[in-house]
Every structure is written in structure tokens, then in C-alpha cells.
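Written below as C-alpha cells is the structure these notes are about.
The values are calculated or read from the model by the stated rules, or taken from the named source; none is laboratory data. It should be emphasised that the depicted structure is a prediction, and the values quoted were computed from it without experimental measurement. Backbone-built Cβ (ideal geometry, glycine too); neighbour counts: all protein chains shown.
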Amino acid sequence: MAEPKENVLMEKITSLCKRRGFIFQSSEIYGGIQGFWDYGPLGAELKRNVKDAWWTTMTRLRDDVVGLEATIIMAPQIWRASGHVDTFSDPMCDCLLTGKRFRADQVEPQSGIVYHYLGALGSASGAPVSPATNTFEGGFAPTMIEGWHSKNSQISLDGLTSAGIVQEIMLIWRSGAAAPLDQSVEHAMQWAEAVWQHLSRVQFSILLPAGKPPESARKIAKEFYAKRGLMSPLLLGERTEKVENSQRFNPENGAQLTPPVPFNLMFKTYVGPTATEADVAYLRPETAQAIFAQFKNVHETSRQKVPFGIAQMGKAFRNEVTPRNFTFRSREFEQMELEFFIKPDEAVEAISGAVAAPAAKGHPGEPQSNWGWQLWHQYWVEERIKFYGDIGISRDTLEEYWQKPEELAHYARACVDLLFKFPFGTQELEGIAARSDFDLSQHEKHSGKTMGVFDEDLRTAWGKLAPEKHAELSKRYYDNRLKYMLKTGVNQAQAEREAKEDADGLAKGQYIPHVIEPSAGTDRLILALLANAFSEVTTTDDKGKSETRVILKFHPRIAPVKVGVFPLLKNKPELVAKAKEVYQALRGQMNAYYDEAGAIGRRYARQDEAGTPFCVTIDFDTLGEKPELNLKDTVTLRHRDDGRQERLAISELLPWLLARVR
Ligand code: GAP
């Protein structure tokens, strides 16, 4: 089955994005480049607002999180330590017919009848088949060769080497085991060579849905062999097989796919002018690793104590095998990641006497010193859901997917994916992982620099513990460290030695912090916000003519334009002057848009489509034309979502708007 056609809603969103300047295809004038997207004027504002909201929530409004802005290209050792060089790959396969590339695990499973072919005979370029006689140059008809082969099934065309076919045919022919050719030896030799020259021994298979005529399979197979240089190919060794839910065939044409091979997703580049293998570097595939690499510097300079977090947002690059679903899976995208460092549970227990038990579902409240990794993880899942609610993606539009133990990376203790119902399916928006002390341990191991911290509270508490408690906590810490080391390939003796050193360190107040990682994709969030905000209204006028308009119901906090300011009429200088005055007063505080062109209804509609939550109209009442109404210096304020209008004093406008858009 073909990849589902982008559905109607997706088509509407993508065309709106282009029409209104939210998102354009990168390099469009040159035909575009797959997996890369540019944000136009409205999109750039929207993205900036989303990033500002994340940054404010995650750093500025918290005492326990600080920011980082690291480079995109970093020392390649970082990606060795993190495991990206060895394991950051997707299984990839190619269509044998078209060369189109697929992610092997994402191929739509299909059922039907597979037609297998051992090879084909045909006229190689330079030795065309004569149309009149259907014979090769030299007088050997392909049908004659196939006929001979069918009588000589002991000659397996499958597995013959190019030189071997001549030898094998000759041997069998000489031994008398083959059906006679009724030709001279010399003639037989020429014949065998002709077979070799015009034979493709490449096997090929096609899957047809049940009920499709075999001719369609043959047509595709002939196309395949023709592409390999055989003209008018004659198919050899056809056999059929019934298959169920196979991922080995191109869903678009049924052609066989190559076996999956791992494909590393990191973009490579060279640093410096020599461009040798020693100069290879990578564009970062995630922002997280810079946080780990700079952990010590940030810890030492920020006066933070564990538990605390480091937040970073910025570009990430992945050479995705099949970028798709608009910006959902891109090759260049942005991430917003927090690494929140916590004490290991053994340290928490030593300090607080016990680790607090995981709470019932929901937000566990303000952080407490007796929280272990489970409560911290739950806390961050809930904080992130709250963030989405604050920008208009309510809790009931999100799903929590708790990864099963067998799905978790070996170092992870838990991972929750927050899923959003995109128009093309319910998919991951953000992952919140409890990653143990794996990341910092890896950087300690690969860099040789200590990543541990000294915790005065732990040292003091440890001194007061009973010897049995020492033994119990040390043993647990030792076991965890040993497990990590053995998983990362350290030999038993060395692992035991190092785990013992680490357990001894705990007693002196030292440990490698564990981490909780909420990791969100900015571009994926923008797409979720667009889908979430998209709505249409259909109105019918007095003449019965109906019109459907788009309203983007963005939360005011992230809307690209916060307020539209209009004079009721463009040809009344007093209205225009007053409207411009209001506009000037607002624009320094928020993104405002001045518009005087067209009927007022059209101007409202334009702003609705851009997602502008409020519009302000300056009319004759603003100028105080009817003193008895007492409306001088007031404006009409229109609400986007329900078209409601109210009157507001100009002096109240700025605080009124600020209270809603910030
Ligand atoms: N540091 C952990 C990490 O990078 P991830 O699940 O690979 O985890 C985190 O990525 C988030 O980044 C995803 O939930 C998604 O929102 C976003 N993301 C990942 N790959 C992406 C891609 N190719 N295009 C757009 N966003 C992507």
C-alpha cells in the first residue's frame, strides 16, 4: 500500500502556510530540497514566540535551571562517547526498480502473491534483438535458449558465475547429460557465450495484491531487467509465493526492496582545509550532548547545586532516510531540551532517610529534597504537559505513552512520549526520559575528566548513618555502577575495581548526577500548534452565496501578530491619524499590524487567517463625533474566535492586551 496520501487537513495546512507566509519549502526556486523548510514572516514570529515561551518557562521563571548556547559543531569524540557514531542509525532499504529509499521499519506491510524471477535473457546493448525474427545477433533466439534450459534443469541459472556458465554448459553438453543441441562443439560454445552475454542472473521479485493478473508482475520485471541493459528481456524461472504482511516490497509499485542496512543519520563535514578523515566532524543530531559536555563548567560557574537543570534550544540535524509529513520529520530542525541533574537515589536516601514513594497520577507538587528519580520524572512529565496547556494544547489533546521495558534504551529507567494527534496520526511531540547517570559517565570515560560532583549534604549525612546503612547504600550504588560499566564493555575485573572506587566516593559525598531529560522538537510543536489552531467557518450572505474562511485559533501568547489596528475608513485622515497613533503606542510592546486596505470585514478575515487574536478599530466614535455617547478615545476591540466586539478606552488598551498576550 502506498504511504497514505497527505490527508485533506494536512493539504489545507500546508497550502495555508505557503499562502500566508508561515512556512515555505527551502530553496523552492530551485525545485526545493527534501527535508528542509523555511519560516516566512508569520512563521518566524510564531516560532520566536514558542521558543520564548519555552525559554521563559524553563529557565527565567525557575531558580533551578540555567541556560546554555553551545556550538553546532563540536569535537567528534562527543558523538563517540554518546554512542551516536556507532548506533545512531536507521535501517534503510532501496527499491530495486526505482532506487527510492525507505526506512525499512516504516515500510507499510503488504500481503499478496510474490512473483520471483531467477534472471532474464535479453539483448545486451550493442546486440539488439532483431524485431523480425526475435533472435539475437548471431542467430540464437531467446525462446530457443529458454526452451533448452527448461529441458536441462540441472543447470541452475541461479548462482552461475559469468565465466562459469560457458564452462558448465560445455561440461554438461560434452558429458552427454544435456539435451542435444544438434550443433557442432564450436557452435555450442558460441551459443553458451551468447547465453552468458545476454543473461542477467540478478534475481528479482514483485508482490502483487491478490487478484491482479500475472502480466502486471511480468511487466514490472521486464522493466527492471530492461533498466539493467537487457532489451526485450525474456524472464527466467518464474515462481510464485503467497506472503502476508511483508515489509520487503515497495508499497508504491510492489518491487522488491534491498535488504536493510544501517544508515547513520549524522551529517558529516570536515573542519579545516585538509579535509582528511582526521578532520571529520558532525553537525549535532541533538542539542543535549553539549549540555553534558559543558556540565562541569556550568556547575562551577552558575552556583547551582544538584538538583538543577541546564536548558538549551537550537538547531539539530539528522539525515533522515525519509523526511515526511511536512516539517514533522525534517533533516534540519530545532530542539528545546532540558537536562535536569538529580542526586542518585542512594544519596537521597542517605540525606533524607528514605526516598519518597512515587505519587499517584498527576502533578506531585513542589519539588522536595526526598524525591528520587521516579518523582522527578513524574514531575517533569506533568510540568511539560502544563507548558503545552499554557500555549493552547490542552491536556486532553495529548496522550502519554510510557515506553515498555523492552523498548527502553539499556541505560534508561523510564521514558514517556507525549503524543499529539497530528492530521496524519498520533505521533511523538516530546520525550521525557530518565537516563540514569549514563551520559555524564560516558563523557567521564571518554574524556578522562571527572564528571562527578561533591555534595556537602551527603558527606555530612553519611557520617551520621549506621554502619549497616552504609553497607546497604554502598552495595546498591556499587551494583548500579557495575551494571553500567559491564554494559559499556568494561571487563569484569576493571568494572569491579571502578565500581568499588565509585561506591567509596559516595561515602565521601561524591557521585555522578543522574538526569531527567524533557526533549521537545520546536518545528514539530509549530506543526502541532497549526493543526490545533486550524478551524474553518462557512458563512452565507443575503444572496445565498457561501464562503468558507480559515481561522487560526492560536493562544494569544504564541500568536504571530497580537493585535491588528485599523482605521474604519482609509480616506478619513482623522481616523488614519488616530489609528496610527494607537498602532505606534502598541507596537513597541507587542507585534502589532496596521491595515487600512479594503472593507473592515475583509481586514478582520485576513487577521483571522493569520491567527491574530484581537483587532482594534478606530471609528467616528473614537473621535467623539457624538458627544452624547461618551465614547471619545475608545475603540472597538474585536475577538477573533467568536467575532465578539466590545468598547475599550485607548488608555486601557495596552494593559488589557499585555495581560492576555504575555
Ligand atoms: N536528546 C534526546 C533526543 O534527541 P529524540 O526523541 O531523538 O530525543 C527529541 O528527539 C524530539 O526532537 C522529538 O520528540 C521531536 O519532537 C524532535 N525531533 C526529532 N527528530 C526530528 C526530526 N527529524 N524532525 C523534526 N523534529 C524532530
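A few points about this structure:
- Whichever residue in the stretch 17-36 is part of a helix (DSSP H, G or I) and over 22 Å from the mean Cα position of the chain (by Cα) and, among such residues, is farthest from residue 552 (Cα to Cα): 30
- Subset of the stretch 438-478 [without any contact (Cβ under 8 Å) to a residue 60 or more places away in the chain and touching a strand residue (DSSP E or B) at 6+ places or on another chain (Cβ under 7 Å)]: 454
- Members of the stretch 436-484 found to be among the hydroxyl-bearing types (Ser, Thr, Tyr), farther than 11 Å from residue 507 by Cα and out of contact with any Leu (no Cβ under 9 Å at 6 or more places or on another chain), listed by number: 436, 441, 447, 450, 484
- Identity of the residue in the stretch 603-632, modelled with pLDDT of 95 or more and among the basic types (Lys, Arg), that ends up nearest to residue 653 (Cα to Cα): 632
- Residue tally, condition within 7 Å of the ligand (Cβ to nearest atom), under 30 Å from residue 64 (Cβ atoms) and among the aromatic types (Phe, Trp, Tyr), over the stretch 325-340: 1
- Enumerated strands (runs of 3 or more DSSP E) restricted to the stretch 247-324, each holding at least 2 residues that are within 16 Å of the ligand (Cβ to nearest atom): 261-264, 308-317
- For residue 608, the requirement of being surrounded by fewer than 17 Cβ atoms within 10 Å (Cβ to Cβ), within 36 Å of the chain's Cα centre (by Cα) and of a type outside the set (A, V, I, L, M) is not met.
- Against the test of being surrounded by 19 or more Cβ atoms within 10 Å (Cβ to Cβ), hydrophobic (A, V, I, L, M, F, W, C) and closer than 30 Å to residue 473 by Cα, the options 340, 326 yield a single qualifying residue, 340.
- Exactly one residue out of 479, 439, 457 is at pLDDT 95 or above, closer than 27 Å to residue 384 by Cα and among the acidic types (Asp, Glu), and it is 439.
- Pairs where the first residue, in the stretch 500-519, is on the phi > 0 side of the Ramachandran plot and the second is at pLDDT 95 or above and part of a helix (DSSP H, G or I), C-beta under 9 Å, 6+ apart: 509/347; 509/456; 509/457; 509/458; 509/459; 509/460; 509/461; 509/462
- Residues in the stretch 222-256 that are modelled with pLDDT under 95, of a type in the set (Gly, Ala, Ser) and either within 33 Å of the chain's Cα centre (by Cα) or under 17 Å from residue 97 (Cβ atoms) (or both): 226, 229.
- Subset of the stretch 353-378 [closer than 21 Å to residue 455 by Cβ, free of Cβ contacts under 8 Å to residues at least 60 places away in the same chain and in a helix (DSSP H, G or I)]: 375
- Residue identified as charged (D, E, K, R), in a helix (DSSP H, G or I), out of contact with any Pro (no Cβ under 7 Å at 6 or more places or on another chain) and surrounded by 13 or more Cβ atoms within 10 Å (Cβ to Cβ) among 52, 86: 52
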